[in-house]
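Please treat every number below as a calculation from the coordinates, not as lab data. The model shown is predicted, which means the values in this text are computed figures rather than measured ones. Positions of Cβ are generated from backbone atoms using ideal geometry, with glycine treated the same way; all protein chains shown enter the neighbour counts.
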Amino acid sequence: MKVVLNSILADTSLDAPPKSLFSDIYSRVCSSLDLKETWYFGLYYKAERSNNSIWLETSKKALKKIPAATKNLSFKIRYYPEDVCQELFENITVQIFYLEMKKAITLGDIYCPAHTAALLASYSLQVEFGNYNENRFNRYLMNHHNFLPHRIMRQYKVDPSTWTNSIVEMWKKLAGMDPEDAMMEYLKLVQNLDMYGVTYFNIVNKKKTKLLLGVTALGINIYTRSDKLTPQLSFSWSEIKQLKFKGKKFIIKFMGRKVPSFIFHTTDKKISKQIHSLSLGNRDLYIRRRKPDTPEVVILKEKARVLRTLREKNKEMQTLEITNKENSLRDNEEYHHHLQKLQEDLEFTIQKIQQEIAAKLEEMRKLQEQIEKAKKEEEESRIQQQMDEREVLKRKAKLIHDARIHRDLENLFNCENIHLPEIVPVSDKLQEHLKILQDQLENSIEEEEETVFDRIYRNNNREDKDKYRTLSDIRGVNCARRIKMFDRL
């Protein structure tokens, strides 16, 4: 069977026998990308009638289970980190997140206010073109690249040159920043946006009020259909004990005594299944982040640290070389002597780093071999056991998994130190230019072009609300009261 695999990086064809398991196909895709942080992504296809995204679960199901008319699979982000800076390690992972978020913002799938969009555009220019160079800069650059959301240019009575000049001035301040660091800074700012990392589903409550359910890395939010930015209710994963559904009816049970179940209805039983799967995946990752790192994550963290150190050393070397070349105009002999010393220090440093990297890689290799060996032994043992007691072991494994999840949730529920993330501030060197642009935009809005999201954002900003402060205020209300509030919406 030949299917077309779509991803933000490229579209490719994939040959796979109809009996190929979903998990095998996904492993092949991740392997082709040399992707280690596989837990953030997934494969899906579009349902023929509803056009809803149907995610392939990494289970024992085979490709032949997909409707015969489906020939396109898409590789995309399914789960989001709580803190991109602390949780994304590999450059390929950061790159995929950056490209998907940039596309979502420019297309308007994630709402972004105009001044923030301009700030993000400056980071995009640094990512794609490096340091600003006036001799190479094309004044029509922004017209040929999708750096700003399409709606913004028509929403303000601002000359196009104002946008260009503002973005370029911020771009200049990023000189010397590596593409990898610029992508990470971009993602840190995107993480502040209200719609980042939220997957929305249409639901109704007991009163048949049409609402939106938002599944996120931090928990489940409830929104009105007219406002995707401001949650009316929110429940942390640490509060949720069990999720189950029957057809369109979805039931959530909570930790603690005398807390009623949270019940809502979806538009379709397949949507219920999607919500259930996405919620369990997010809850598992939420618990995992609050436990000691797995061996795989330890390896990725160490590798990222070593590479970051090497990049910083190389950057220091380049800066020192430039500085010393300038000094050489004043004192050539002193420059050469100093450069020779720097070169010796650099060679010594590089040699030392290489030795450290070699040692770490050796440790990683041994640890990886141990992991692979353990996985192989576990797999062989699991297969042997399944041959004898497949269904019994399956039920037992589920009971053990549920018990472990319940125990972990009990521990989290009783922990008083579960904090929400904080809004990432704008770099000090960019704040002045950003403030100038905000002042220019303040009285330049074309009211007839203003969207509902623009008005909501402005009101929330006026009331000094941000996504985490809103969640904190909501979750400060007793869980049982929040459930009653949902039924009254």
Practice prompt. Rounded to whole Hz and in sequence order, give me ³J(HN,Hα) for region 303-311 from the Karplus expression 6.51 cos²θ - 1.76 cosθ + 1.60, θ = phi - 60°, writing x for Gly and Pro.
Written response: 4, 4, 5, 5, 5, 5, 4, 5, 5
Worksheet entry | Reachable aspartates and glutamates, given that their alpha-carbon falls under 16 Å from the alpha-carbon of residue 157 and they are not under 8 places away in the same chain | 439, 442, 446, 447, 448, 449, 450, 454
Worksheet item: Computed FRET efficiency, Cβ-Cβ of residue 399 and residue 449, R0 35 Å: what is it to the nearest 0.05?
Response: 0.05
Item to complete: Report the FRET efficiency, 1/(1 + (r/R0)^6), for residue 210 and residue 133, where r is their Cβ-Cβ distance and R0 is 51 Å, rounded to 0.05.
Response: 0.45
Discussion item. Distance between the C-alpha centers of region 257-324 and region 66-96? Whole Å please.
Written reply: 11 Å
Worksheet entry | Label-to-label distance, nm, for residues given as residue 376 and residue 428 (7 Å Cα→Cβ offset) | 5.4 nm
Practice prompt. Please state the charge dipole magnitude for region 172-277, taken about the Cα centre, from unit charges on C-beta atoms (+1 on K and R, -1 on D and E), reported in debye and rounded to the nearest 20.
Written response: 1140 debye
Response to the item:
Expected sort for 216, 199 with the fewest Cβ neighbours (10 Å cutoff) up front is 199, 216
Fill in: Over 18 Å (Cα to Cα) - which of 301/429; 206/273; 253/465; 19/61 fall in this group
301/429; 206/273; 253/465
Worksheet entry | Loop-located GluC sites (Glu not before Pro) in region 396-489 whose Cβ has at most 12 other Cβ within 10 Å (DSSP) | 416, 422, 446, 463
Worksheet, complete the sentence: Taking N as the number of residues in region 95-231, the ratio of its alpha carbon radius of gyration to 2.2 N^0.38 Å works out to 1.23
Worksheet item: Roughly speaking, what is the stretch gain from residue 53 to residue 344, that is 0.36 nm per residue apart minus the C-alpha to C-alpha distance, in nm to one decimal?
Response: 99.0 nm
Item to complete: Among DSSP beta bridges whose residues both lie in the chain, state the antiparallel percentage, nearest 5.
Response: 95 percent
Worksheet item: Ranked by Cβ crowding within 10 angstrom, fewest neighbours first, how are 204, 215 ordered?
Response: 204, 215
Practice prompt. Compute the Rg to Rh ratio over region 2-78 from the alpha carbon atoms, using the Kirkwood formula for Rh, and round to two decimal places.
Written response: 0.92
Practice prompt. Could you check the simple spin-label distance between residue 153 and residue 361, using points 7 Å along Cα→Cβ, in nm with one decimal?
Written response: 4.6 nm
Worksheet item: Of 65/398; 36/366; 76/103, which sit over 19 Å apart, Cα to Cα?
Response: 65/398
Response to the item:
The distance between the Cα centres of region 1-50 and region 442-488, in whole Å, is 37 Å
